[in-house]
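Report on one structure; see the data block that follows.
The values are calculated or read from the model by the stated rules, or taken from the named source; none is laboratory data. Just so it is clear, the structure is predicted and the values come from calculations on it, not from any experiment. All Cβ positions, even for glycine, are placed from backbone atoms using ideal geometry, and neighbour counts span all protein chains on display. When the accessible area is computed, the model is the full protein with side chains, heavy atoms only, and any ligands, DNA or RNA have been set aside. Shrake-Rupley method; radii C 1.70, N 1.55, O 1.52, S 1.80 Å.
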Amino acid sequence: MDVGRTYAGLVVAAALLALAGSLGAQDSGPRAPYPARGTVVVDEERGEVHLALVSMEGMVRDTADGAVLGDARIELHGAGRGFSTRTTADGRFRLVAVPAGHYTVRITRLGYEPVVLENVPLRPDRDANAALRVAMRQRTVALSEIVITPGHFGLLQRSVDASQSMSREAVESVPQLGEDIYRAVARAPGVTTDDFSAKFGVRGMSGDALYVSLDGLELVEPFHMKDVGGAFSIIDIQTLGSATLNTGGFTAEYGDKLAGVFTLTTSDPRAEGVHGSVAVSAMNARATMQGAFAGGKGGWVLSARPGYLDFALKATEMRDSIQPRYYDLFAKATYDLPRGGRVAIHALRAGDTFKYLKRDEPHIFSGYGSSYAWATWDQPFFDARLRMQSVLSGAAISWQRHGEAFTSTLQQSALIDDARSLDRLGLRQDWTFDATRSLMFKWGIDAKRESAAYDYERVMGVRQPDGSRTGRNDSVSTILAPRADKLALYFAPRVQLLPSLVVEAGARLDRSSLTDESIVSPRVNVAWQPRAHTTVRAAWGGYSQSQSLFSLQAEDGVKSFGQAERAQQRTLGVEQSFAGGVSVRVEAYERKLTHARATYMNVGGDLWLFPELLWDRTLIDRTAGRDRGLEVQLARKGARRADWSLSYALASSTDQIGGAWVPRSFDERHAVHGDWSFHPTNGSWRLSLAGVVHSGWPYTPTVLHVDTVSTSPSDLAVTTWRTPGALNSVRLRPYHRVDVRWTKYFHPAVGQLSVFGEVYNLLGTVNPRGFWRDAIVKDGQVVFTTGEIHQWPRLPVAGFSWQF
């Protein structure tokens with residue numbers, strides 16, 4: 001029985017039946033009104049039924065001196081509808097064409113405490129709606145809430161209270177394959193990504209140098225479809241409540257990574273009733289449920305998502321050769337303790353199977369599994385001046401590959417069996433103490449015990465009938481069971497020296513038994529606000545990254561772990577906010593890498609299921625690295641109808657190899673990202689366009705060798721083989737792509753239904769990722785041929801989501 005396909009069918013059937021029932025209920029006569037639902041007006045003279053549309057207007061002032069406040073954001077929420085606008089310079093606002101009913105009104109402005117008004121009525125009688133008068137109090141920002149790290153981006157925020165943030169509506173409606181949070185983040189300046197993979201790099205470093213956590217737990221390789229680079233993450237975007245990305249200069253509580261920090265937090269369960277959502281697209285389906293228990297003190301969330309990319313591939317020439325399947329499950333339960341504490345238990349399970357069968361190409365059967373279970377305890381003490389966060393976790397990662405390669409006569413030429421596993425127990429505890437209003441201390445501990453197992457065997461050579469092998473003979477066998485204990489300690493006081501100046505100076509100790517290393521990393525972060533709406537942030541520090549116990553390149557015969565890589569980073573940024581939600585950010589950075597580890601890579605630019613078999617597998621014996629860049633971003637968020645952003649990045653990422661500086665494979669000298677989103681004031685639909693242009697990546701040219709096998713006049717035959725040329729010595733053509741996504745929102749009797757259509761690579765741009773070369777005999781002569789290896793072509797996707 002095909003569980004994934006059956007599950008997808010059940011989800012679709014349930015959604016359609018529930019939707020049909022809710023739509024049919026609209027014709028069944030009067031019923032109790034849904035909270036905040038628009039008022040229905042019956043025009044008996046014309047025989048028409050319609051929603052009563054009214055307007056809301058008002059003014060926003062400062063509570064202290066009564067001054068009018070321009071650029072305050074006004075949001076109305078009710079029955080799944082959303083309306084928004086901003087106050088003008090005189091503090092006034094006006095929303096038109098709003099269905100009558102009851103709404104929750106939320107008013108936000110930088111530097112002020114949010115104001116939330118519940119159950120605000122908008123009556124069908126226009127004259128009965130008085131102007132709304134709102135007074136806002138200037139906010140005293142707690143020292144712990146001040147953002148002191150440059151390169152900080154907030155995502156899935158409830159509202160856009162900070163300039164470098166994206167609301168949930170904006171994130172969910174931007175073009176993104178598979179509704180994946182990783183692909184949504186890829187538009188941030190300094191982020192590089194490949195079409196085939198959701199894994200992104202940060203400022204010249206690979207995605208392996210990024211610290212990723214979910215509800216306080218560090219994740220390991222959180223991707224589906226690892227055989228093709230990790231096409232999707234194992235995190236369902238619908239389960240997330242917020243996400244933040246720090247692309248540099250992160251503080252001392254994060255370590256053992258060089259590039260940045262990607263922090264994911266799941267949403268809290270709703271305190272009333274049972275709610276859920278179902279969604280179906282061309283690539284996956286998902287269902288979530290959440291509810292409360294113990295009188296609202298506890299809550300629970302369940303989420304399931306199967307992927308069926310093989311369905312989408314039915315329309316391609318690969319329909320019979322590739323069969324990828326994946327799923328992920330998430331569960332969470334929370335309980336509120338007395339005195340503001342909370343405990344929670346979490347579980348995350350992800351699994352993949354992949355089968356590829358095609359004549360004259362390597363065959364693969366693979367399976368991957370990731371299991372996590374963890375408990376968290378958050379507790380304040382002494383009137384919340386002392387706060388503690390604890391995470392106790394366990395994880396099990398498994399990896400199995402079996403494959404075969406064949407000659408043109410279908411004789412087996414290679415056999416691979418690859419089984420790996422990682423088990424990890426962890427305990428992390430973070431403490432924060434507000435000594436005074438201007439002095440705060442942070443400290444913590446992170447301890448892990450890990451054990452891994454490697455069982456890799458590669459047998460090369462053409463298999464003969466008697467079982468022997470001839471030809472190529474570079475077989476590899478690796479059986480290892482390494483163990484490691486890791487311990488990290490940090491301490492970081494934060495002091496507000498002036499009302500406009502905050503400094504945090506910390507240090508971190510990372511200890512690994514695997515290589516018997518202890519590394520101390522000092523760090524300093526500064527945030528200075530010389531005037532209102534202007535912030536200068538700077539960071540300097542040492543960073544280190546030990547080799548993961550699960551990252552040994554056993555397939556290349558490597559049997560020992562390397563020393564930790566180390567880097568010194570400097571970052572300086574300026575951020576300025578203007579009226580109307582417009583902001584600009586300029587940031588410069590430099591990272592100098594030392595103790596760089598040698599690594600094996602495929603330099604030919606193509607994706608292969610068994611990269612260790614290819615001719616372009618090369619040892620990159622680097623000794624140092626350097627990343628430099630300048631980033632500029634201009635954005636308008638939270639506008640009445642249109643949001644947009646435009647960024648430019650000038651960067652250089654190089655490695656020192658054999659005494660020469662060589663550009664890395666993802667070195668993007670110039671990169672421009674643009675996003676534009678339009679939506680009416682009533683929020684009934686949203687159209688989003690996204691474009692990217694960047695310099696061509698460096699690549700390694702192919703050296704094609706040709707040898708004559710036969711030279712008779714009637715039978716000319718040649719044999720060819722390839723070797724890599726000078727590493728990353730030439731560049732591909734510039735890359736450019738435009739994506740579009742349109743989302744329409746409907747409001748049935750229960751919940752909200754959204755339908756979307758998306759086209760990835762709208763213009764069908766042919767973007768290269770490498771080149772191939774070959775030689776053939778034609779008409780008695782040797783003819784050399786060459787061609788490009790391409791990124792994704794135009795890819796249309798559609799789907800729907802129903803929240804109830």
The correct count of residues that are crowded, with 19+ Cβ neighbours inside 10 Å, modelled with pLDDT under 90 and on the phi < 0 side of the Ramachandran plot in the range 751-769 is 1
Just a yes or no: is a residue in the range 708-731 at pLDDT 90 or above, in a strand (DSSP E or B) and more than 29 Å from Gly658 (Cβ to Cβ)? no
Odd one out for Ala539, checked against (1) more than 30 Å from Thr85 (Cβ to Cβ); (2) open to solvent by 40 Å² or more (accessible area, probe 1.4 Å): (2)
Give, as residue ranges, the strands (runs of 3 or more DSSP E) completely inside the range 438-505 that count at least 2 residues that are among the acidic types (Asp, Glu), modelled with pLDDT of 90 or more and surrounded by 15 or more Cβ atoms within 10 Å (Cβ to Cβ). 439-460
Yes/no for Arg669 being open to solvent by 40 Å² or more (accessible area, probe 1.4 Å) and within 26 Å of the chain's Cα centre (by Cα): yes
A careful count of residues in the range 513-541 that are among the small types (Gly, Ala, Ser) and within 28 Å of the chain's Cα centre (by Cα) gives 5
From the option list Val280, Val274, single residue qualifying as open to solvent by 10 Å² or more (accessible area, probe 1.4 Å), touching a helix residue (DSSP H, G or I) at 6+ places or on another chain (Cβ under 8 Å) and farther than 30 Å from Tyr589 by Cβ is Val280
Could you say whether any residue in the range 65-78 is under 13 Å from Pro121 (Cα atoms), assigned to a strand (DSSP E or B), touching a residue at least 60 places away in the same chain (Cβ under 8 Å) and of a type outside the set (S, T, N, Q)? no
Could you say whether any residue in the range 571-582 is within 26 Å of the chain's Cα centre (by Cα), not β-branched (Val, Ile, Thr) and not in a strand (DSSP E or B)? yes
Does Phe262 satisfy the criteria of being assigned to a strand (DSSP E or B), over 25 Å from Phe610 (Cβ atoms) and not small (Gly, Ala, Ser)? yes
Restricting attention to the range 623-632, does a residue exist that is part of a loop (DSSP other than H, G, I, E, B) and open to solvent by less than 70 Å² (accessible area, probe 1.4 Å)? no
Counting only residues that are modelled with pLDDT under 75, of a type outside the set (S, T, N, Q) and not in a strand (DSSP E or B), how many does the range 146-172 have? 9
Among the listed residues Gly190, Gly260, Gly255, which satisfies the condition of being open to solvent by 10 Å² or more (accessible area, probe 1.4 Å) and more than 12 Å from the chain's Cα centre (by Cα)? Gly190
Reported set for the range 633-649 where residues are in contact with a Lys or Arg (Cβ under 7 Å, 6 or more places away or on another chain) and part of a strand (DSSP E or B) is Gln633, Asp643, Trp644
Residues of the range 394-407 satisfying the condition of being within 21 Å of Ile322 (Cβ to Cβ) and at pLDDT below 85: Ala405, Phe406
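To keep it simple, each residue is scored yes or no on (1) free of Cβ contacts under 8 Å to residues at least 40 places away in the same chain; (2) open to solvent by less than 50 Å² (accessible area, probe 1.4 Å); (3) of a type outside the set (Lys, Arg).
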{"site": "Pro698", "(1), (2), (3)": "yes, yes, yes"}
{"site": "Ala717", "(1), (2), (3)": "no, yes, yes"}
{"site": "Asn728", "(1), (2), (3)": "no, yes, yes"}
{"site": "Pro734", "(1), (2), (3)": "no, no, yes"}
{"site": "Arg737", "(1), (2), (3)": "no, yes, no"}
{"site": "Arg741", "(1), (2), (3)": "no, yes, no"}
Residues of the range 513-527 satisfying the condition of being touching a residue at least 12 places away in the same chain (Cβ under 8 Å) and open to solvent by 10 Å² or more (accessible area, probe 1.4 Å): Ser513, Leu514, Thr515, Glu517, Ile519, Val520, Pro522, Val524, Val526
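Yes or no, residue by residue, for (1) assigned to a loop (DSSP other than H, G, I, E, B); (2) closer than 30 Å to Asn767 by Cα; (3) open to solvent by 20 Å² or more (accessible area, probe 1.4 Å); (4) aromatic (Phe, Trp, Tyr):
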| site | (1), (2), (3), (4) |
| --- | --- |
| Gln529 | no, no, yes, no |
| Ser544 | no, no, no, no |
| Glu555 | no, no, yes, no |
| Ala567 | no, no, no, no |
| Met601 | no, yes, yes, no |
| Gly604 | yes, yes, no, no |
| Leu607 | yes, yes, yes, no |
| Glu612 | no, yes, no, no |
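Do we have Ile364 as farther than 18 Å from Leu217 by Cα and β-branched (Val, Ile, Thr) here?
In short, yes.
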Restricted to the range 783-797, and to residues that are surrounded by 14 or more Cβ atoms within 10 Å (Cβ to Cβ) and among the aliphatic types (A, V, I, L, M), which residue is nearest to Ala287 (Cα to Cα)? Val797
If I filter the range 338-388 down to residues being on the phi < 0 side of the Ramachandran plot, part of a loop (DSSP other than H, G, I, E, B) and open to solvent by 40 Å² or more (accessible area, probe 1.4 Å), which single residue comes out as modelled with the lowest pLDDT? Arg359
Taking the residues in the range 231-253 that are hydroxyl-bearing (Ser, Thr, Tyr) and not in a strand (DSSP E or B) as candidates, determine which candidate is nearest to Ser197 (Cα to Cα). Thr247
Residue hits (the range 405-431; among the acidic types (Asp, Glu), surrounded by 16 or more Cβ atoms within 10 Å (Cβ to Cβ) and touching a residue at least 40 places away in the same chain (Cβ under 8 Å)) are Asp418, Asp430
Give me the residue from the range 283-298 that is modelled with pLDDT of 90 or more and open to solvent by 50 Å² or more (accessible area, probe 1.4 Å) and, out of that set, nearest to Phe800 (Cα to Cα). Met289
Within the range 196-209, track down each residue that is surrounded by fewer than 22 Cβ atoms within 10 Å (Cβ to Cβ), touching a residue at least 60 places away in the same chain (Cβ under 8 Å) and in contact with a helix residue (DSSP H, G or I) (Cβ under 9 Å, 6 or more places away or on another chain). Phe196
